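The values are calculated or read from the model by the stated rules, or taken from the named source; none is laboratory data. This is a predicted model, so every value here is computed, not measured. For neighbour counting, all protein chains shown are included, and Cβ atoms are generated from backbone atoms with ideal geometry for every residue, glycine included.
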Amino acid sequence: MARPDLNLLVTLDALLSEGSVAGAARRLRLSPSAMSRALARLREATGDPLLVRAGRGLVPTPRAVELRDRVGILVEEAEGRFAPSNC
């Protein structure tokens, strides 16, 4: 089995926090098309659509809701590990 692309955790966190491809793209300084491709990779990796159209916006699937808090914590912890220490 191939190793998962852990960069997708940051992407998933942004998508779930922003609730839109365009908002997540701005947050991560990516083009909307790059974010759409990343969402496609996330969908393939998880086997779930994660965000689905509802009117003009996107809503998280039950699986995405289940992942949201844990992914946010993982990203936060990883960012903290790479922050400079104050020693």
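With respect to the conditions (1) loosely packed, with under 10 Cβ neighbours inside 10 Å; (2) touching a helix residue (DSSP H, G or I) at 6+ places or on another chain (Cβ under 9 Å), residue 80 falls short on a single one, namely (2). If you filter segment 31-46 down to residues that are closer than 19 Å to residue 74 by Cβ and small (Gly, Ala, Ser), you find that the one that is surrounded by the fewest Cβ atoms within 10 Å (Cβ to Cβ) is 45. Report whether or not residue 50 is within 25 Å of residue 77 (Cβ to Cβ) and modelled with pLDDT of 95 or more. Yes, satisfied. If we keep just the residues of segment 45-87 that are in contact with a strand residue (DSSP E or B) (Cβ under 8 Å, 6 or more places away or on another chain) and assigned to a loop (DSSP other than H, G, I, E, B), which is farthest from residue 22 (Cα to Cα)? Residue satisfying both the conditions and the ranking: 61.
Filtered by the rule that a residue be surrounded by 10 or more Cβ atoms within 10 Å (Cβ to Cβ) and either more than 16 Å from residue 39 (Cα to Cα) or among the charged types (D, E, K, R) (or both), segment 52-76 gives 63, 66, 68, 69, 70, 72, 73, 74, 75, 76. The set of residues in segment 5-30 that are of a type outside the set (A, V, I, L, M, F, W, C) and surrounded by fewer than 12 Cβ atoms within 10 Å (Cβ to Cβ) comprises 7, 29.
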